[in-house]
Every structure is written in C-alpha cells, then in structure tokens.
Amino acid sequence: MTSIAYLSLGSNQGEPFVNLKEAISQLQRTEGVQVTRVSSIYETDPVGVTEQNAFLNLAAEIETGKKPEELLDLCQRIEDKLGRKRLVRWGPRTIDLDILLFNADMIQSDRLTIPHPRMHERSFVLIPLLEISPDVVYPGLKKSLKQQQQTLPDQAGVRLWKKNYSLLLEELL
Ligand code: GSY
C-alpha cells in the first residue's frame, strides 16, 4: 500500500543548503520512496536554544510503500550519513529529518509519535508545509492548520530564503 507522508527538514551547521539538497537527493534515490513535492527554502530563527545560527528549513511530501518505523529508520540513516551528531537537545544540527504526518494516522510507539507533537506550534514547520499542501489535515486538531498557523507568534522568524527555487527539480521555476 502506498502512503503519503510529510517531512520537515532543517539544518544550521556546515553548509545548510548543501545538506538539505543532499538529504532530498538521498530520499529520491531510495527504493520505495518518491519525493512528490518540496517547498521553497526558508531561513528561520532558531527555536529552542535561541543562541545558535539561523536554520534553513523546508517541507517535503513523499509517497512511500514503507511503514512509519521503516521511514524513521531511513530518516535516521540519512541524518547519520550527513554527519549528524546527537549532542545537545534543541541545539545546532547538520541535518534533521522529522516525520510530521503519515496519511491521517495517529501513531504512538516508543520511537515515534505521529502527528509530530510540536509541529502545530512552529511556524518554521507549518509555513513550508502549507506552501506544498494548503489543505493538509492534522488529525485530532479541531481547526485547520492554516487557521492554526495564523495564530502563531513566531511567523516573523520565517523568511523566504530562495524564492521559487525547487530543490525537487533543482532549478528556478
Ligand atoms: O526540530 C528541528 C530542529 N530545530 C529547528 C529547526 O529546524 N528550525 C528552527 N528554526 N529552529 C529549530 N530548533 C530545532 S531543535
């Protein structure tokens, strides 16, 4: 069965643009994964530990035959390959791949909580996500994600970094 999943990618160490590009490319090259949409790239103020470099963030939609835990394994393998060290919680990172949504499933296991438990509080996640899928549904939330995003106080911390640039097509649109 094919599932649709949404991922949030972020980087603020090394060469963030190169890291995002490489992560998308590795997803695309994985059997059983098709990257179907990639948002613009946004420069975003750090959330959590605020004394660190700004991030580059984007959202991606994939179609996959993998199960959620297999997708998590893949995301962690890509993070490891790109040199991510899990040192400081909320701290700087070479690359982060978070699973936001998996179909309209609600999943709670030792390793995985889907929908991502903090995604609806973060403009650096919601702005790119709503760009590629304006009507996407967050199961269990009473309002739309668009309405939710408009209430967030951190919107000014999310700025388009490369307008109309598609990492999926690797070209200007
Ligand atoms: O949760 C992902 C890593 N992360 C980020 C991020 O990707 N972007 C911004 N702006 N702040 C962040 N804080 C953490 S932790």
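The values are calculated or read from the model by the stated rules, or taken from the named source; none is laboratory data. Because the structure is predicted, anything quoted here is derived from the model rather than measured. Cβ atoms come from the backbone with ideal geometry, glycine included; neighbour counts cover every protein chain shown. Heads up: the accessible areas ignore ligands, DNA and RNA and are worked out on the full protein's heavy atoms, side chains in. Shrake-Rupley method; radii C 1.70, N 1.55, O 1.52, S 1.80 Å.
Observations on the structure shown:
- Rounded to whole numbers, the Karplus 3J(HN,Hα) couplings from phi for the range 122-137 are 10, 5, 5, 8, 6, 4, x, 4, 5, 4, 8, 8, x, 10, 4, 9 Hz, using 6.51 cos²θ - 1.76 cosθ + 1.60 with θ = phi - 60°, and x at Gly and Pro.
- Each Lys and Arg Cβ is given +1 and each Asp and Glu Cβ -1; about its Cα centre, the range 3-165 then shows a dipole of about 160 debye.
- Contour minus Cα-Cα distance for ASP73 and LYS142 (0.36 nm per residue): 21.8 nm
- Only Cα pairs under 8 Å and 6+ residues apart enter the sum, and on that basis the relative contact order of the chain stands at 30 percent.
- For LYS163, a cut-off of 17 angstrom between C-alpha atoms picks up these lysines, skipping any fewer than 8 places away in its own chain: LYS21.
- Anchor LYS143: aspartates and glutamates whose Cα lies under 18 Å away (excluding residues fewer than 8 positions away in-chain): ASP105, GLU121, GLU131, ASP135
- Accessible area per residue for the chain, computed on protein heavy atoms with a 1.4 Å probe, is 52 Å².
- Considering helices alone, the calculated mean residue ellipticity of the chain at 222 nm is -7500 deg cm²/dmol, with DSSP H runs of length four and up weighted by -39500 (n - 2.57) and normalised per residue.
- Once the Cα-Cα distance is subtracted from the 0.36 nm per residue extended length, the ASN103 to LYS21 segment shows a gain of 27.1 nm.
- The share of accessible area on the chain that comes from carbon and sulfur is 49 percent, using a 1.4 angstrom probe.
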